[in-house]
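Bear in mind that the values in this text are calculations on the coordinates, not laboratory data. Values in this document were obtained by computation on a predicted structure and should not be read as measured data. Using ideal geometry, Cβ is built from the backbone for each residue, glycine included, and neighbour counts are taken over all protein chains shown.
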Amino acid sequence: MDGSLKTILFKARCSEQIGFGHVSRCLALAAKLPGDWRPLLVLNDHPRGLERAAAAGVEAIAEPDLAVLRHRRVDAVVYDSFQDDDAFFQTVRKVFPGKIVGLDYQNYATPRVDVILTLFSHQPKPADGKTDIREGLEYAIIGEQFRPFRLVPPPTPEKIGRVLVLMGGADPEALTPRAVEFLSKLDDPPRVDVILGPLNPHLEAVKKLAWAGVSIHQNTPRLPELMAGVDAAISGCGTSFFELSFLGRPALVMAQNAMERRFAAHLEASGLTFLAETLSDRWADFAAKDMRRSLVEKQTATFDGNGAAKILAAAGI
């Protein structure tokens, strides 16, 4: 192992409930590191997460093996989680005296990190001013694989002829089949590409609803190409929405839980999307060409693809 390289430690979790968004962000950050840095990813002991890290060429260790960090050089730390992991912080503070950067970290009352970078704050900021809190959509991370597919300004077709449906890695609330069923009942159903993430359990339900114009993609490596090939999307409000926005593809968003619903409402208030509690109530307004053009203009101006560089700069890289 090259001892001259500096190491940035990433910490993330994945599960059937939260999907792979946190892991994907860390891997996207790892891909942006300069040549004199190497990434080390700490994950919960989930085989799919560890497999994804290996496929990206990133060294990963499972949480039960945290003790090995005592013998590793650590020069920067990025903690990507809403909640605290006491064992992780206790171990890392013994080997790393510097500032820990938290992504979308929400423990403002007794923070264990030094810098918080968040897309949206779900709670009031503390008044003591001890923690550096920076909020804004400019910290959204877009993988470099999406950049070749970005056209500015992107085309806005007269009508929506092709729709992408994707609800993240897990979709615990079964929003995917709901979206497919809704599209099937339109007077002139569009062609539909359905993306099923690695933990999405709704394949059979989608197959039962599918018609000739539906294509189903599982764990596809062609995500940027598929996103760029549609006129609009029905999506979650996380990483997939940011990627669609970067590519100039308008998305009607659905929320899996109360936290996502608050964030999606913030995105709607910012003129970036519509939050659909019921798809039939929002589709007609969303589908109007002038509305889609307005959304896309705001999306492409907001999500510029430079969020990863801004986060690494905050971590001292």
Unit-weight point scatterers at every alpha-carbon of segment 182-317, Debye formula, q = 0.20 1/Å: log10 I(q)/I(0) is -1.38
Here, Q123 and K94, labelled 7 Å along Cα→Cβ, have an inter-label distance in nm of 2.8 nm
Placing each pseudo-label 7 Å from Cα in the direction of the beta carbon, V68 and D285 end up separated by a distance in nanometres of 5.2 nm
Under the 7 Å Cα-to-Cβ spin-label approximation, S4 and A54 lie apart by a distance in nanometres of 3.1 nm
Hull surface over four for the Cα convex hull of the chain, reported in nm², is 16.1 nm²
Charge dipole of the chain built from unit charges on the beta carbon (Lys, Arg +1; Asp, Glu -1), centred at mean Cα; most positive-end Cα among S215, L244, I234 is L244
Here the percent of antiparallel bridges among DSSP beta bridges lying wholly in segment 6-135, to the nearest 5, is 5 percent
F263 neighbourhood, Cβ < 14 Å, K/R = +1, D/E = -1, net charge -2
Cα convex hull volume per residue for segment 6-135, in Å³, equals 111 Å³
Per-residue ellipticity at 222 nm attributable to helices in the chain (runs of n ≥ 4 DSSP H, -39500 (n - 2.57) apiece, nearest 500 deg cm²/dmol) works out to -9500 deg cm²/dmol
The long-range amide H neighbours of F20, using H built 1.01 Å from N in the peptide plane and a cut-off of under 5 Å, are G169, A170
Under Stokes-Einstein, segment 138-226 at 4 °C and 1.567 mPa s, with its Kirkwood radius over C-alpha pairs, diffuses with a coefficient in µm²/s of 90 µm²/s
Sorted by chain and then number, the residues having a modelled amide H within less than 5 Å of the amide H of V194, at least 5 places away or on another chain, are V165, S215, I216, H217
Highest GNM mean-square fluctuation among A53, A109, A287, for the chain with Cα springs under 10 Å, belongs to A109
Sorted by chain and number, the residues with a modelled amide H under 5 Å from that of I116, at a separation of 5 or more or across chains, are G102, D132, I133, R134
For segment 145-302, the dipole about the Cα centre with charges only on Cβ (Lys and Arg +1, Asp and Glu -1), to the nearest 20 debye, works out at 300 debye
In nanometres, the difference between 0.36 nm per residue of separation and the alpha-carbon distance of E225 and D304 is 26.6 nm
Subtracting the Cα-Cα distance of L186 and E173 from 0.36 nm times their residue separation yields 2.4 nm
About its Cα centre, the chain carries a charge dipole, from +1 on Lys and Arg Cβ atoms and -1 on Asp and Glu Cβ atoms, whose size in debye to the nearest 20 is 480 debye
To the nearest 20 debye, segment 126-216 has a Cα-centred charge dipole, built from +1 on Lys and Arg Cβ and -1 on Asp and Glu Cβ, of 300 debye
The Rg/Rh figure for segment 61-156, Cα atoms and Kirkwood Rh, to two decimals is 1.08
